[in-house]
Amino acid sequence: MVKPMAIQMPANKTKQALRQGKVVVGASMASSSSLMAELLGLQGFDFLVVDLQHSESNINDIQRLVHATMAGGATPIVRVAGNDSILIQRCLDLGAYGVIVPYVNSAEEARAVVRAAKYPPLGQRSWGPVRGAFYGASDYFQRANDELLVVVMLETKRAADDAGQILAIDGIDGCIIGPNDLAVSYGHPSGLPPVV
């Protein structure tokens with residue numbers, strides 16, 4: 001029988017800095033290269049976004065990309081491909097310190113994100129943190145709801161109109177504006193290369 005490690009879950013330095021009103025700087029990675037993830041982490045970024053929405057990466061890449069990002073010293077955050085409860089939970093179980101969920105258009109969709117990302121009583125995340133247990137060990141369940149960063153993307157006119165209600169949902173830490181899709185939703189496609 002393997003004994004739980006008597007260590008505490010490391011603090012989410014990016015989330016702590018945001019709570020203190022500090023500026024954090026990160027990068028987004030479309031590559032599935034763990035060497036690139038570690039190299040970007042070593043550049044001094046506060047966080048690195050591993051992108052599952054518009055990149056070559058898939059769920060099978062997450063564990064090694066999260067590990068490489070942490071080895072480089074950055075906070076690993078995964079932009080999932082959509083508001084999918086199972087995908088959100090799996091990325092967190094594999095060690096992501098946060099998720100970015102695209103195309104959140106309403107308070108109800110934001111509540112679904114929280115249900116997937118947070119353990120009871122705030123959410124309905126299923127217990128089974130896999131890699132999260134390696135470094136969270138004895139207190140991962142107690143601290144995960146507070147340490148993990150949950151960010152939604154506002155990318156449509158509807159989301160912009162309902163931004164106040166979306167961001168008022170307990171468990172949502174912040175938002176990112178998706179400028180390209182937002183422009184398209186207003187009928188103004190930019191014609192420029194996509195920003196990811």
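Spot the failing condition for L154; the list is (1) hydrophobic (A, V, I, L, M, F, W, C); (2) surrounded by fewer than 16 Cβ atoms within 10 Å (Cβ to Cβ); (3) in contact with a Cys (Cβ under 9 Å, 6 or more places away or on another chain), and only one is missed.
(2)
Taking the criterion of being over 24 Å from L167 (Cβ atoms), crowded, with 18+ Cβ neighbours inside 10 Å and not β-branched (V, I, T), would at least one residue in region 99-109 satisfy it?
Step one: of region 99-109, the residues over 24 Å from L167 (Cβ atoms) are none.
Scanning region 99-109 turns up no residue that is over 24 Å from L167 (Cβ atoms), crowded, with 18+ Cβ neighbours inside 10 Å and not β-branched (V, I, T).
Within the bounds of region 70-92, is there any residue that is assigned to a helix (DSSP H, G or I), touching a Lys or Arg at 6+ places or on another chain (Cβ under 6 Å) and polar (S, T, N, Q)?
Within region 70-92, one or more residues are assigned to a helix (DSSP H, G or I), touching a Lys or Arg at 6+ places or on another chain (Cβ under 6 Å) and polar (S, T, N, Q).
List the helices (runs of 4 or more DSSP H) that sit entirely inside region 107-196 and contain at least 2 residues that are over 21 Å from G21 (Cα atoms), modelled with pLDDT of 90 or more and of a type in the set (D, E).
107-117
Could you list, in sequence order, all residues of region 14-26 that are at pLDDT 95 or above and basic (K, R)?
Passing the criteria: K15, K22.
Examine region 27-50 for a residue that is acidic (D, E), at pLDDT below 95 and in a loop (DSSP other than H, G, I, E, B), and state whether such a residue exists.
There is no residue in region 27-50 that is acidic (D, E), at pLDDT below 95 and in a loop (DSSP other than H, G, I, E, B).
If I filter region 70-86 for residues that are within 24 Å of A30 (Cβ to Cβ), at pLDDT 95 or above, among the charged types (D, E, K, R) and surrounded by fewer than 20 Cβ atoms within 10 Å (Cβ to Cβ), do I get at least one hit?
yes
I'd like to know if region 107-127 contains one or more residues that are more than 17 Å from the chain's Cα centre (by Cα), within 29 Å of R158 (Cα to Cα) and among the small types (G, A, S).
Yes, region 107-127 has at least one match.
(1) crowded, with 16+ Cβ neighbours inside 10 Å; (2) more than 17 Å from I169 (Cβ to Cβ); (3) touching a helix residue (DSSP H, G or I) at 6+ places or on another chain (Cβ under 9 Å): which one isn't true of S126, the others all being true?
(1)
The values are calculated or read from the model by the stated rules, or taken from the named source; none is laboratory data. Just so you know, these numbers come straight off a predicted model, no measurement behind them. So basically every Cβ, Gly included, is an ideal-geometry build from the backbone, and we count neighbours across all protein chains shown.
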